[in-house]
Amino acid sequence: MLSTKNGPLLIDFETCCRGPVEFDLAHVPEAVCEHYPGVDRGLLDECRQLVLAMVAAWRWDAGDQFPNGRRFGEELLRSLREGPPWPTLDTVVRRLDVS
């Protein structure tokens, strides 16, 4: 907890890490990435694959309470099996909304 002029601020160290901006951009829609013209597209693609694998693992956790978590996990695994180019998370969600 940090004390700020606007009140307490909680820092969640569970997902706090240091690394390339491409890892952060791998979590967001492609339109956000367009605001980062110097991004390493190859590294971004590798980070997207990693993010898909991480979120897929979370969805298969027995204690997962994410709505449609198992179905989302199945779609993430399908995306990983298909191989590159790796979709963004919002693309995977849209696939679920359509089906």
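I'd like the residue in the stretch 10-33 that is in a loop (DSSP other than H, G, I, E, B) and surrounded by 10 or more Cβ atoms within 10 Å (Cβ to Cβ) and, out of all such residues, is nearest to the chain's Cα centre (by Cα).
Checking each candidate, the answer is His27.
Please pick out the residue among Ala62, Ala57 that is under 17 Å from the mean Cα position of the chain (by Cα), loosely packed, with under 15 Cβ neighbours inside 10 Å, of a type in the set (Gly, Ala, Ser) and not in a strand (DSSP E or B).
Ala57
So that you can scan it fast, the table gives a plain yes or no per residue for (1) farther than 20 Å from Asp90 by Cβ; (2) modelled with pLDDT under 90; (3) out of contact with any Cys (no Cβ under 9 Å at 6 or more places or on another chain):
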| site | (1), (2), (3) |
| --- | --- |
| Gly7 | yes, no, yes |
| Arg18 | yes, yes, yes |
| Pro29 | no, no, yes |
| Cys33 | no, no, yes |
| Val39 | no, no, no |
| Gly42 | yes, no, yes |
| Cys47 | no, no, yes |
| Arg71 | no, no, yes |
| Arg78 | no, no, yes |
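Going by the conditions given, is His27 out of contact with any strand residue (DSSP E or B) (no Cβ under 7 Å at 6 or more places or on another chain) and farther than 22 Å from Val55 by Cβ?
No: the conditions fail for His27.
The values are calculated or read from the model by the stated rules, or taken from the named source; none is laboratory data. Just so we're clear, the structure is a prediction, and the values are computed from it rather than from any experiment. Here Cβ is always computed from backbone atoms with ideal geometry, including for glycine, and neighbour counts include all displayed protein chains.
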